[in-house]
Amino acid sequence: MTATTISRTSVLRLALGLSLLVAAALATAPPLDGQEVHRLDGPRVAIYNLAGRVEVVPGEGPHAVVEIVRGGGDAERLSVATGRVGDREALRVIYPDDRVVYPEMGRSNTTVRVRGDGTFLDGWRGGDEVRISGRGRGMEAYADITVRVPPGFDVAIRLAAGEGRASGLAAALAFKAGSARVEVSDVNGNVDVDTGSGAVTVAGVEGDVSADTGSGSISLEGIYGSRLTADTGSGRVEGRNLSLGELSVDTGSGRITMEGLRASRIDCDTGSGAVRLSLLSDVDHMVVDTGSGSVTVDVPEDFGAALDIDSGSGRVVVDVAAHDVTVEKRRSFRGAVGDGDGRVEIDTGSGGISIRRR
């Protein structure tokens, strides 16, 4: 064999080896413009992502399936880790920078403390501060995620900034966000939504519901469960067609409106804002307290309760046949309506109070 033949053979082998290495690298590298898929063993799973859209939809089989599409100029710097976090099998999108640019945020920004394993918003101490903004310096990257959840699972979503949606689930859902609008619909299972800033919508749920936002409105419709709690620092709370054991609504500033409400126990508190309740049934105990704002309660024909009503500045009107009246003044009323079972306490610092038949 000649030296020339040996040389050419060596070159061919080297080229073949290099091509195989390149092919292997391309096969294992996550696609930047395509979709990558991960599977998490159930029944308790968690997803952590600093920026992007997260959608939770029904799945099947023994695993939760997580589909990820990366975006942004620095998308290749993102990595994905899986493994046990507490009592859940978790997937974490890792952002290797303390400043993240997510253009969808526009002029807004949010800050969150992130631990080295990519977890955040769990109430645990530690971690480094990461700022996520719509512009400025930092790595420009995000991950849009779809989570397919089989029936009977319990899924926890942690999202610092972006948008969250969940629908059609037969599973429990806990969605916690730093700054995000969250919409949940058609769920058979308990729902817990907590966002630092952003509107929350929950509709068509059979199960207990907790909806909390630091700043933003809360919309509730078609919920059937033993307990519903809604809390907003600033923003209105609106509900329609609710059938509950207990309802608790608290807003620092914003009106409360409930139409078509059935609940044994009701507690509504607002620092500033009107309260309007349209009841379809009797109550065991109802408390309404507003620092500034009117209160209107529409009751069914067979409604009965003992009433204890006070207004610091505003007229009290009980437009229902009453008995056993001990106090009936412009700004206060104590007496009973109907069978007198149950108890209703209403207090407003400034605003009129009206009880009337539907």
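Worth a mention:
- Screening ASP194 on (1) touching a Phe, Trp or Tyr at 6+ places or on another chain (Cβ under 8 Å); (2) outside any strand (DSSP E or B) shows it passes everything except condition (2).
- ILE157 closer than 24 Å to VAL37 by Cβ and either β-branched (Val, Ile, Thr) or not in a loop (DSSP other than H, G, I, E, B) (or both): yes
- Scanning region 215-264 for residues that are outside any strand (DSSP E or B), farther than 14 Å from VAL193 by Cα and not hydroxyl-bearing (Ser, Thr, Tyr) returns GLY233, GLY235, ARG236, GLY252, GLY254, ARG255.
- Taking region 27-100 and the strands (runs of 3 or more DSSP E) fully enclosed by it, the elements with 1 or more residues that are at pLDDT 95 or above, within 23 Å of VAL182 (Cα to Cα) and aromatic (Phe, Trp, Tyr) are at 44-58.
- The residues of region 39-78 that are open to solvent by less than 50 Å² (accessible area, probe 1.4 Å), of a type in the set (Gly, Ala, Ser) and at negative phi, listed by number, are GLY42, ALA46, ALA51, GLY59, ALA64, GLY71, ALA75.
- Checking VAL287, VAL249, VAL283, VAL275 one by one, the residue that is farther than 25 Å from GLU206 by Cβ and crowded, with 21+ Cβ neighbours inside 10 Å is VAL275 and no other.
- Of all the criteria given as (1) under 19 Å from ALA177 (Cβ atoms); (2) open to solvent by 60 Å² or more (accessible area, probe 1.4 Å); (3) not hydrophobic (A, V, I, L, M, F, W, C), the one not satisfied by GLY116 is (1).
- Which listed residue, of ALA305, ALA336, ALA321, is hydrophobic (A, V, I, L, M, F, W, C) and open to solvent by 50 Å² or more (accessible area, probe 1.4 Å): ALA321
- Any hit, region 175-194, residues being touching a residue at least 60 places away in the same chain (Cβ under 8 Å), buried (at least 22 other Cβ atoms within 10 Å of the Cβ), of a type in the set (S, T, N, Q) and out of contact with any helix residue (DSSP H, G or I) (no Cβ under 6 Å at 6 or more places or on another chain): yes
- Output for region 123-152, where each listed residue is in a loop (DSSP other than H, G, I, E, B), open to solvent by 30 Å² or more (accessible area, probe 1.4 Å) and touching a residue at least 40 places away in the same chain (Cβ under 8 Å): GLY138, PRO151, GLY152
- Residue within region 297-306 that is in contact with a strand residue (DSSP E or B) (Cβ under 8 Å, 6 or more places away or on another chain) and at pLDDT below 95 present: yes
- Listed by first and then second residue, the pairs with beta-carbon distance under 6 Å, at least 6 apart or on different chains, first residue in region 73-101 and within 20 Å of VAL37 (Cβ to Cβ), second open to solvent by 60 Å² or more (accessible area, probe 1.4 Å) and at pLDDT below 95, are ALA75/LEU32; GLU76/LEU32.
- Residues satisfying the stated conditions in region 217-251, i.e. touching a Ser or Thr at 6+ places or on another chain (Cβ under 6 Å) and either among the β-branched types (Val, Ile, Thr) or under 30 Å from SER108 (Cα atoms) (or both): ILE218, SER219, THR229, THR232, GLY233, SER234, GLY235, ARG236, VAL237, GLU238, THR251
- The number of residues in region 213-237 that are of a type outside the set (Gly, Ala, Ser) and within 20 Å of SER167 (Cβ to Cβ) comes to 7.
The values are calculated or read from the model by the stated rules, or taken from the named source; none is laboratory data. The model shown is predicted, which means the values in this text are computed figures rather than measured ones. No Cβ is skipped: glycine too gets one built from the backbone with ideal geometry, and neighbour counts run over all protein chains shown. Remember, those area values only see protein heavy atoms, side chains included, never the ligands or the DNA or RNA. Shrake-Rupley method; radii C 1.70, N 1.55, O 1.52, S 1.80 Å.
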